[in-house]
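Asks: One structure is given below, represented as structure tokens, and several questions about it will come after.
Please treat every number below as a calculation from the coordinates, not as lab data. Source: prediction; values computed, not measured. A quick note on method: Cβ atoms are made from the backbone with ideal geometry, for glycine too, and the neighbour counts reach across all protein chains shown.
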Amino acid sequence: MDLSYTPEEEEFRARLREWLAKVLPSLPPKPSPDDWPGRRAYDLGWQRMLYDAGYADVHWDASPTVRLIFLEETEKAGAPYVGANFVGLLHAGPTIAAEGTAEQRARWLPPVLRGEEVWCQGFSEPEAGSDLAALRTRAYRDGDEYVVTGSKIWTSHAEVADWCELLVRTDPSAPKHRGISWLAMRMDAPGVTVRPLRTLAGSTEFAEVFLDEVRVPVAHRVGEENDGWRVTMVTLSFERGTAFVGEVVACRRVLGEIAREARACGRWDDPVVRRRLGRLNAEFRALWRLTQWNVSEAESSGGVPGVGGSVFKLRYSRARQELYEAAAEVWGVGALDLDQGWVTDRLSSLAYTIAAGTSEIQRNIVAERILGLPKG
């Protein structure tokens, strides 16, 4: 498999680097982490800049390799992350691009690209997290609408979202994987209640969402009725396959900062610390190569990442936690200072073996779909 870049791809990289160097110094200061309306406006403003410069559609209208280059270069340059646009750009948008009708693509994709609308993800439920297919949120058909009742939890950016990618059970008599549908729901629809959740790191990017007979047009269903599990697998393949690319680059940058601090404070003299950091360096280099391999596989299969994303997600989740454990070892008591950005990143890293499918689920996927082992 060829993991090198073509001349056209390298030309795209050079052009992007030049643009980033020109525009990043002109950006306004980032708002407070707790100011979600401000963060929404900031993130949408950055997305509009990307749109005006011709870079907005890389997440689903460009090749996976160009997408990889974009995420790598923007992270290296310190450009704003997708932030509140995370679900729209990296989950719902690619899913609608791959599975939606022409009318759905025309309605929902341009506002995301132009930085006009924010999406959230309504998948997990209090009793359907790791076993997502056990979801109970019910949707029954009433003419040209679904009437939805239930609740969701860990709904990303719900308090500032315009739309929700929502999984509902449309046939409770069917086997649990076959009675699910994927809907696009307006967050300002009557019957929607949002209750923010505060994380260990003190942030409120997640929320509980309660649905009381919310009406969703049938035209807002992506895919066929009761075929939502297959559509969901497309969503999760993007979430596990390419959504963490920028974070791998960020982790390599953090690792360099840890190594510099270790040299400055004398911890570098400890061979155990050097060996630990060296192994992490090899780990993230291997994860980057695995990312390139997954992207090449996606390129040959129509742009949708495959089950290799589960291999990446499984190992990356633990490697990220090990990275911040190493940081805590080097910084010592500084690991308790919540005013340090990397400390809150360390706390958030604890969720990575749960978010986007638990490590146990990823091991099952690897065992059954890659190694061909029997279920159970």
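Asks: Using a basic spin-label model with each label point 7 Å from the Cα along Cα→Cβ, how many nm lie between Leu373 and Asp337?
Replies: Placing both labels 7 Å along Cα→Cβ, they lie 4.4 nm apart.
Asks: Please determine, in degrees from 0 to 90 and to the nearest 10, the orientation of helix 7-23 with respect to the longest principal axis defined by the Cα atoms of the chain, where the helix direction is its Cα long axis.
Replies: Approximately 80 degrees, to the nearest ten.
Asks: Tell me, in nm to one decimal, what length is gained between Arg17 and Ser32 on full extension, where the rule is 0.36 nm per residue of separation less the Cα-Cα distance?
Replies: Between Arg17 and Ser32, full extension yields an extra 2.7 nm.
Asks: Relative to the longest principal axis of the chain, what angle (0 to 90°, nearest 10) does the C-alpha long axis of helix 228-241 take?
Replies: Tilt of helix 228-241: around 10 degrees.
Asks: How would you order 184-193, 165-174 from highest to lowest mean count of nearby Cβ atoms within 10 Å?
Replies: 165-174, 184-193
Asks: Another question about this same structure. I want to make sure I understand the PRE zone here: with the label point 7 angstrom from the Cα of Glu103 toward its beta carbon, which residues in the stretch 134-162 have backbone N atoms less than 19 Å away?
Replies: Residues passing the 19 Å test: 141-147.
Asks: Output the Kirkwood hydrodynamic radius of the stretch 57-140, Cα pairs only, in Å rounded to one decimal.
Replies: Answer for the stretch 57-140: a Kirkwood hydrodynamic radius of 14.6 Å.
Asks: A follow-up question, please. How would you rank 62-72, 211-221, highest first, on the average number of other Cβ atoms within 10 Å across their residues?
Replies: In decreasing order of mean packing, 62-72, 211-221 become 62-72, 211-221.
Asks: Going by alpha carbons, how many degrees (0 to 90, nearest 10) lie between the helix axis of 36-53 and the longest principal axis of the chain?
Replies: 80
Asks: Amide H to amide H under 5 Å from Phe206: which residues, 5+ apart in sequence or cross-chain, H placed 1.01 Å off N in plane?
Replies: Placed amide hydrogens put His157, Leu197 under 5 Å from Phe206.
Asks: Each residue of the stretch 164-175 in turn: what ³J(HN,Hα) in whole Hz from Karplus with 6.51, -1.76, 1.60 and θ = phi - 60°, glycine and Pro shown as x?
Replies: 10, 7, 10, 9, 9, 9, 9, 9, x, 8, 7, x
Asks: Just to confirm a number: summing +1 for Lys and Arg and -1 for Asp and Glu over residues other than Ala84 whose beta-carbon lies under 15 angstrom from that of Ala84, what do you get?
Replies: That works out to -4.
Asks: Leaving out same-chain residues fewer than 8 places away, which lysines sit with a Cα under 23 Å from that of Lys22?
Replies: The reachable lysines, counting only those whose Cα sits under 23 Å from Lys22, are Lys30, Lys76.
Asks: Follow-up question, since we're still on this one. Show the residues, 5+ positions off or on another chain, whose built amide H is closer than 5 Å to the amide H of Glu125.
Replies: Those qualifying (amide H under 5 Å, at least 5 residues apart or on another chain) are Ile153.
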